[in-house]
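**Q** Provided herewith is a single structure, encoded as structure tokens, for subsequent inquiry.
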Amino acid sequence: MIFPKKLENAVKLVKSNLVEEALFTEMQVERDKLDALMEIVLFVKKMDYIKSSKVKERFAYFLRSKFDYKETGLRFNQKVNTIEVMVSRVSNRLESLVGKNTIDMILDGKVSDAMKIFRTGTMSEPSFGYFLPEIVNFLPEPKYEMFTTIEECRDELYILGLLTKHGIKGFLERYNRQRLAHILYILSRDSKRLETDIERDTTLHTYFEFGYSRKEKIASERDVLIRLFKGELSTVDGIEIEMEKQVDKAIKMVQNQNLYYDAGSDIDFSIFEEG
């Protein structure tokens, strides 16, 4: 069943449960369900999830025609099969944004959890629009806390500020962009792509040819970095550790790949530097 039809059926079901004889608490539960479903209906009707103006026009007509494929095809001089493919694609897109189980969760009474999934997936929660897209998956659902003042929320304001686009931009500008680029390069280069780069770039080829670095070393560093950024180094004995300690752990792993990384640790090598 296509998503808009499933949503329409859910609305009809909840409306049928809104009977005057029901207890107040039962009525309130059903109203909450209906409010949640109608918020999703509004999202579907706005069609911001469709980029093509032609597809938007045809899908809107399809909805207005009460899901009539034949009528929609005649209106736009398209084969019924073409309309079916278009509707299926848009429906799948809708379901992926709203959440595959969101409607069922609402009908089961899990309205709060369902709407968090919906608002996160569609970025339709107004307060979430200020932050980086991936971050909203980890933010709590907006809720007014009585007896709490903004003045008490300094730490929370700071971290949320960092998680905005302008906040993270300013934060990154504090760090060496060449080193950031170097880390990103190692992350993005498997052995095959690195080999291609060395063949094409004469300067890079010379760098490796003279032994300033080895391809095997970059490969091993990449493995460690992947583990770091996938969160595989985030715990010690099952206990979550801070990012600084995770980085220390990653660097130690890189160093341990060279048996003699700390040879002459009591020597001040700065005396050998030029200048």
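**Q** Determine whether G211 is within 30 Å of F131 (Cα to Cα) and either under 23 Å from the mean Cα position of the chain (by Cα) or modelled with pLDDT under 85 (or both).
**A** On the way: within 30 Å of F131 (Cα to Cα): no; either under 23 Å from the mean Cα position of the chain (by Cα) or modelled with pLDDT under 85 (or both): yes.
It is false that G211 is within 30 Å of F131 (Cα to Cα) and either under 23 Å from the mean Cα position of the chain (by Cα) or modelled with pLDDT under 85 (or both).
**Q** Could you look through the stretch 215-253, keep only residues that are touching an Asp or Glu at 6+ places or on another chain (Cβ under 9 Å) and not hydrophobic (A, V, I, L, M, F, W, C), and pick out the one that is farthest from E199 (Cα to Cα)?
**A** It comes out as S234.
**Q** Can you list residue pairs whose Cβ atoms sit under 8 Å apart, with the first residue in the stretch 188-211 being among the basic types (K, R) and the second being open to solvent by less than 90 Å² (accessible area, probe 1.4 Å)? Count only pairs 6 or more apart in sequence or on different chains.
**A** Here the result reads R189/D197; R189/I218; R189/R222, each pair linking the stretch 188-211 to a residue that is open to solvent by less than 90 Å² (accessible area, probe 1.4 Å).
**Q** Let me ask something additional. Residues in the stretch 163-217 that are of a type in the set (F, W, Y) and loosely packed, with under 11 Cβ neighbours inside 10 Å: how many?
**A** Number satisfying all stated conditions: 3.
**Q** When only residues in the stretch 33-68 that are open to solvent by less than 60 Å² (accessible area, probe 1.4 Å) and of a type in the set (S, T, Y) count, which is modelled with the highest pLDDT?
**A** Out of the qualifying residues, it is S65.
**Q** If you take the residues of the stretch 243-275 that are of a type in the set (D, E, K, R) and modelled with pLDDT under 85, which of them is most open to solvent (accessible area, probe 1.4 Å)?
**A** Taking the stretch 243-275 and keeping what is of a type in the set (D, E, K, R), we get 244-245, 248-249, 252, 262, 266, 268, 273-274.
Applying the additional criterion that residues be modelled with pLDDT under 85 yields 262, 266, 268, 273-274.
Working: D262: 81, D266: 139, D268: 89, E273: 127, E274: 181 Å².
Among residues in the stretch 243-275 that are of a type in the set (D, E, K, R) and modelled with pLDDT under 85, the one most open to solvent (accessible area, probe 1.4 Å) is E274.
**Q** At pLDDT below 90 and more than 30 Å from N92 (Cβ to Cβ): does that describe D113? Outline the logic, then answer.
**A** Working: at pLDDT below 90: yes; more than 30 Å from N92 (Cβ to Cβ): no.
It is false that D113 is at pLDDT below 90 and more than 30 Å from N92 (Cβ to Cβ).
**Q** Just for the stretch 119-146: of the residues that are modelled with pLDDT under 75, surrounded by 14 or more Cβ atoms within 10 Å (Cβ to Cβ) and out of contact with any Phe, Trp or Tyr (no Cβ under 8 Å at 6 or more places or on another chain), which one is farthest from V41 (Cα to Cα)?
**A** F128
**Q** Taking only pairs six or more apart or across chains, which ones have beta-carbon atoms under 9 Å, a first residue in the stretch 219-242 that is open to solvent by 50 Å² or more (accessible area, probe 1.4 Å), and a second residue that is among the basic types (K, R)?
**A** Partner pairs satisfying both residue conditions: R222/R189; V236/K245; V236/K249.
**Q** Please state which of the following conditions V98 fails to meet, knowing it meets all the rest: (1) more than 16 Å from the chain's Cα centre (by Cα); (2) modelled with pLDDT of 90 or more; (3) buried (at least 17 other Cβ atoms within 10 Å of the Cβ).
**A** Result: V98 fails condition (1) only.
**Q** Name, by its number, the condition in (1) open to solvent by less than 40 Å² (accessible area, probe 1.4 Å); (2) within 23 Å of T120 (Cα to Cα) that does not hold for E8.
**A** Evaluating E8 over (1) open to solvent by less than 40 Å² (accessible area, probe 1.4 Å); (2) within 23 Å of T120 (Cα to Cα) leaves (1) as the failure.
The values are calculated or read from the model by the stated rules, or taken from the named source; none is laboratory data. In this text the structure is predicted, and so the values were computed from the model without any measurement. Neighbour counts run over all protein chains shown; Cβ positions are idealised from the backbone, glycine included. Just so you know, the surface numbers come from the protein's heavy atoms only, side chains and all, with ligands and any DNA or RNA stripped out. Shrake-Rupley method; radii C 1.70, N 1.55, O 1.52, S 1.80 Å.
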